[in-house]
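The values are calculated or read from the model by the stated rules, or taken from the named source; none is laboratory data. Everything quoted here is computed from the prediction, not taken from an experiment. As a convention, Cβ positions derive from the backbone with ideal geometry for all residues, glycine included, and neighbour counts pool all protein chains shown.
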Amino acid sequence: MTYEVQLSALAIEDLIALHQWVSAEADTPTADSYLARIEERIAALADFPHRGSPRDDLIAGLRTLTFERRLLIAYSVDGQVVTVQRVINALRDLGPAIRDS
């Protein structure tokens, strides 16, 4: 079964901010490549949505998946829909980032 994958407004904002930061720190082609790899990882959730670690301690049904040990992809699965809630720095405290969204 293939799931539909969607991004929340905050996840989209996270990706835009990340792209802008990498563009400023490195260059636009590097930022484009990095974002493409993140998008591939997110798209893979369509086939394997339960691969991430359950984080019911934060919000019931929340799961997280790491990306290159630097980012956390926080998402939920509802029926056949995977919703990416946030894409944030893996060192950041996830609790406030998710609860405030």
Among residues of the stretch 11-43, those that are among the basic types (Lys, Arg) and farther than 13 Å from residue 73 by Cα, counted
0
Residue 3, sole failed condition from (1) out of contact with any strand residue (DSSP E or B) (no Cβ under 7 Å at 6 or more places or on another chain); (2) surrounded by 11 or more Cβ atoms within 10 Å (Cβ to Cβ); (3) among the hydroxyl-bearing types (Ser, Thr, Tyr); (4) touching a residue at least 24 places away in the same chain (Cβ under 8 Å)
(1)
Among the residues of the stretch 21-46 satisfying the criterion of being assigned to a helix (DSSP H, G or I) and among the acidic types (Asp, Glu), which is farthest from residue 67 (Cα to Cα)?
25
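How many residues are touching a helix residue (DSSP H, G or I) at 6+ places or on another chain (Cβ under 8 Å) and over 18 Å from residue 37 (Cβ atoms) when one looks only at the stretch 53-68?
Looking only at the stretch 53-68, we keep the residues that are touching a helix residue (DSSP H, G or I) at 6+ places or on another chain (Cβ under 8 Å), and these are 55, 58-59, 62, 64-65, 67-68.
If we keep only those that are over 18 Å from residue 37 (Cβ atoms) as well, we get 55, 58-59, 62.
So the answer is 4.
Looking at the stretch 1-11, can you tell me whether even one residue there is among the acidic types (Asp, Glu), outside any helix (DSSP H, G or I), modelled with pLDDT under 95 and in contact with a helix residue (DSSP H, G or I) (Cβ under 9 Å, 6 or more places away or on another chain)?
First, pick out the residues of the stretch 1-11 that are among the acidic types (Asp, Glu): 4.
Next, only the ones that are outside any helix (DSSP H, G or I) stay: 4.
Still in the running and modelled with pLDDT under 95: none.
Among the residues of the stretch 1-11, not one is among the acidic types (Asp, Glu), outside any helix (DSSP H, G or I), modelled with pLDDT under 95 and in contact with a helix residue (DSSP H, G or I) (Cβ under 9 Å, 6 or more places away or on another chain), which makes the answer no.
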Only one of these conditions is not met by residue 51: (1) in contact with a Leu (Cβ under 7 Å, 6 or more places away or on another chain); (2) surrounded by 12 or more Cβ atoms within 10 Å (Cβ to Cβ); (3) not in a helix (DSSP H, G or I). Which number is it?
(2)
